Amino acid sequence: MTITEIARALGANRNSVSKHLEVMQAAGQVEARLVGNAKVYSVAQRIPLSAFLCFTKNLILVLDTDLAIVQANDRCLAQFGRPKEELAGQNIRDADLPVVSSPEALAVVEGLEREQVIADIAHRRDDGSESFYQMQAIPTTFEGGEKGCTIVLEDITERKRYTRNMALLARTAMELVDLPPVDIYQYILDRLTELVPGAYAYLFSYNEPHQQFVMRAVAGEGAREMLAEILGRDPIGLIIPIARIFDTPYHETPLSIRGLREYVFRPIPSSWSFYDLCFGAVPEEVCEEILTRFDVAKMYVIGLVWREQLFGIAGIFLRPGRELENRETIESFTRQASIALARRQTAERLQRSEARFRNMVDSSPFGVALIDCERRFVYVNRRFVEIFGYGPDEAPTVAEWTRLIFPDEEARREALGAWRSDLERSVPGQVRPRTFTVRCRDGSKKTVLSRFVTLCDGTEYSTCEDITEETRAYRLLVADIADLRRREQELLIKDQAIASTRRAVAFLDPDGVVTYANAAFLALWGYPDPKDVQESHFSRFWERPDDIKDVINTVIGGGFWHGELAGLRSGGEKFRADLLGTPIVAEGGRVIGMMAAATFRPNGD
């Protein structure tokens, strides 16, 4: 009805009706809407507040102008664990209620004016876990016209947690790719405790060659200090033989320990005790003290595994009454961390391999160079620079380097022609050896044996060997061989002369042992084979051995001896012989042996 229609029906003054309608509209008893230029009023359809409070899943508190609690719905009472009689009339500043009595929530309510205010409020529980609420503070007018406030709390923990977890995974995915050289194990554990606020955690790395687990990081307020006090040592570096899980009777595999596992210790322990999980490496009483001091009720364990390779194990301790949240996010992050560990391990192995290769190449006695497809030096070792005196700083390209080591244009053209000819006839992987005479930086000439190989990607691999001395030695050797052949021919003639003479001749070493005897010697003494006399002392062939030893000593001392002595044939027959002892003198005057020449003397001669 319009104001005119209402005034006519009541028989009242139109202005008076209008004023009353304004008051009723402010009290919420009537509603007005415009139809053309006229206001049309209708009776407000009002629902009792108590009925509304029962049908919402949110937490609702109604406060008066002094912030005293007027009404609270059942969900709010159940969440706070307080009866309605205890809360009614209490000021929220003094009620010590979770969330709404926090400084953040009070600041919103106390600053409320005419407009509704929406704010997100975080709440940390006593066990360290967090919950999140979206708080709506709505200005409220009561039936009597008094002003107040209605607080509506919507639990957005799951939504907030999901958003935060996705942000964390996005952030860690980028950080783990370009993670600087920091302690990656501590980084991983810090992110895990970020997902499980207030918890204690640890991380073991797995040393596959030694099959042992080494503690690399711990997290949680005062955790490292407390563990050091209990263990009597720094926990970092502690070795636990967890690798036993791969053996009988457990038969675990890296893939089987990849997911989260729960182990309950209190109040009713699960099948595995904490002492069992330490595999006896920590005394049982120490294990019990750890559980007590850290107030541990359960533990969650997850393996850092990527492609069936184990890199470590992380564990999270939870206090009584607390459940593990963010399970899927924890597992997703550990996959990220496992990939990062695999990548870092591969990079470290590659760095070690490259360092080992560079050390090996730098220690090589040969000069080594790598040349790219644009004929630029990619790498040269120390020996390469030592041989030529030039490195990539002075000559970054092969063309510049060639001009330096072949200053003569004709020699340079000849060397390049030989290189191109070898290249045209070769295939990748085939060695192309060439010997060149080059001029080095110090002006000296060197003979260099170079071996070029074209790799599959077009890179040229070259080794260079300074064979200047070897070439000089080879020339000298060739000359020596020619001289030796001439001397050998002369010796052969002399040997034939000694072998064919009718005089019995034997050569002795400095100790008097026979090293050679000619045919006349064997015939005179009656021995058919040279082996019968060689390696025998010369005194064996004479009647008086002591006299012969004196003769040998005289000759080896540098003198000559000539005289007649009695010889002793192989059959025991004696004969007279004329003996001449001559020293064999080497270069430098050193006596290296004796030549004995004997002639048979018939009796009476």
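Assuming a ≥ b ≥ c are the square roots of the Cα gyration tensor eigenvalues, decide whether segment 208-336 counts as rounded (a/c under 1.5), prolate (otherwise, with a/b larger than b/c) or oblate.
rounded
Loop only per DSSP, at most 13 neighbouring Cβ atoms within 10 Å: give me the GluC sites (Glu not before Pro) in segment 83-145, ordered by residue number.
GLU113, GLU115, GLU143
How would you classify segment 91-196 from its alpha-carbon gyration tensor, with a ≥ b ≥ c the square roots of the eigenvalues: rounded for a/c under 1.5, else prolate if a/b is greater than b/c, otherwise oblate?
Prolate shape, in that a/c is at least 1.5 and a/b is the bigger ratio.
List the GluC sites (Glu not before Pro) in segment 501-605 that DSSP assigns to loop (not H, G, I, E or B) and whose Cβ has at most 16 other Cβ atoms within 10 Å. Which are they?
GLU535, GLU543, GLU573, GLU587
Explain nothing, just the number: dipole magnitude of segment 391-440 about its Cα centre with +1 on each Lys and Arg Cβ and -1 on each Asp and Glu Cβ, in debye rounded to the nearest 20.
Computed charge dipole of segment 391-440: roughly 240 debye.
Suppose each label sits 7 Å from its Cα in the direction of the beta carbon; what would the ARG441-ASP393 distance come out to in nanometres?
If labels sit at ARG441 and ASP393, their model points lie 0.8 nm apart.
What are the trypsin sites (Lys or Arg not before Pro) within segment 174-266 that DSSP puts in a loop, where the Cβ has at most 11 other Cβ atoms within 10 Å?
ARG233
At 27 Å minimum axial length over the Cα atoms and a Kyte-Doolittle cut of -1.0, report the qualifying DSSP H helices in the chain, or say none.
Once both thresholds are applied, what remains is 157-177, 327-362, 468-500.
Quick one, which of (i) 66; (ii) 23; (iii) 28 is the actual percent of Cα pairs over 43 Å apart calculated for this model?
Evaluating percent of Cα pairs over 43 Å apart on these atoms matches (i).
Between GLN534 and PHE357, what is the label-to-label distance in nm when each label sits 7 Å out along the Cα-to-Cβ direction?
For GLN534 paired with PHE357, the spin-label model returns 5.6 nm.
Taking R0 as 51 Å, what FRET efficiency do you get between GLU221 and THR4 from their Cβ-Cβ distance, rounded to the nearest 0.05?
0.10
With +1 on the Cβ of every Lys and Arg and -1 on the Cβ of every Asp and Glu, and nothing else charged, how large is the dipole of the chain about its Cα centre, in debye rounded to the nearest 20?
Using only the charged Cβ atoms, the result is roughly 1560 debye.
Work from the charge dipole of the chain (Cβ charges, +1 for Lys and Arg, -1 for Asp and Glu, about the Cα centre) and give the residue of ILE69, GLN134, PRO392 farthest towards its positive end.
PRO392
Expressed in nm to one decimal, what extension gain is obtained for the pair ARG114 and GLU262 from 0.36 nm per residue of sequence separation less their Cα-Cα distance?
Contour length minus Cα-Cα distance gives 48.1 nm.
Go ahead and run the numbers for FRET between ARG349 and GLN90, Cβ-Cβ distance against an R0 of 60 Å, rounding to 0.05.
According to the calculation, E is roughly 0.35.
Does segment 53-123 come out rounded, prolate or oblate, given a ≥ b ≥ c as the square roots of the eigenvalues of its C-alpha gyration tensor, rounded meaning a/c under 1.5 and, failing that, prolate meaning a/b above b/c?
In terms of gyration-tensor shape, rounded.
Picking from GLN29, PHE204, ASN553, whose Cα lies most toward the positive end of the charge dipole for the chain (charges on Cβ: Lys, Arg +1; Asp, Glu -1)?
Of the listed residues, the answer is ASN553.
In debye to the nearest 20, how big a dipole does segment 137-239 give about its Cα centre with +1 on each Lys and Arg Cβ and -1 on each Asp and Glu Cβ?
The calculated dipole for segment 137-239 is roughly 160 debye.
Hey, rough spin-label estimate for GLU130 and THR582, points 7 angstrom out along Cα→Cβ, what's it come to in nanometres?
With each label point 7 Å from Cα toward Cβ, the separation is 11.1 nm.
Would you kindly derive the ³J(HN,Hα) couplings of segment 440-455 from the backbone phi angles with the Karplus curve 6.51 cos²θ - 1.76 cosθ + 1.60 (θ = phi - 60°), listing them in order in whole Hz, with x for Gly and Pro?
The phi angles translate into 8, 4, 7, x, 6, 9, 10, 9, 10, 9, 10, 10, 9, 9, 8, 7 Hz.
Which of CYS464, GLN90, LEU310 sits closest to the plus end of the dipole of the chain, meaning its Cα is farthest towards the positive end, when Lys and Arg get +1 and Asp and Glu get -1 on the C-beta?
CYS464
For segment 160-208 and segment 498-535, compute the distance between their C-alpha centroids and round to whole Å.
Measuring centre to centre over Cα atoms gives 93 Å.
Gain in length, GLN212 to ASP295, computed as 0.36 nm per residue apart minus the alpha-carbon separation, to one decimal in nm?
27.1 nm
Using a 1.4 angstrom probe, figure out how much accessible area the chain has per residue, in square angstrom, rounded to the nearest whole.
58 Å²
Rounded to the nearest 0.05, what FRET efficiency do THR157 and LEU416 give with R0 = 51 Å and r taken as the Cβ-Cβ distance? Could you check?
Rounded to the nearest 0.05, the efficiency is 0.10.
Give me the distance between the Cα centres of segment 410-436 and segment 241-275, rounded to whole Å.
Each part's Cα centre sits 66 Å from the other's.
If each residue of separation counts as 0.36 nm, what is the full-extension length gain between MET166 and ASN37 once their alpha-carbon separation is subtracted?
Length gained between MET166 and ASN37: 41.0 nm.
The values are calculated or read from the model by the stated rules, or taken from the named source; none is laboratory data. Fair warning: this is a prediction, and the values are worked out from it, not measured in the lab. Cβ sites come from the backbone with ideal geometry, for glycine too, and all protein chains shown count toward neighbours. Just so you know, the surface numbers come from the protein's heavy atoms only, side chains and all, with ligands and any DNA or RNA stripped out. Shrake-Rupley method; radii C 1.70, N 1.55, O 1.52, S 1.80 Å.
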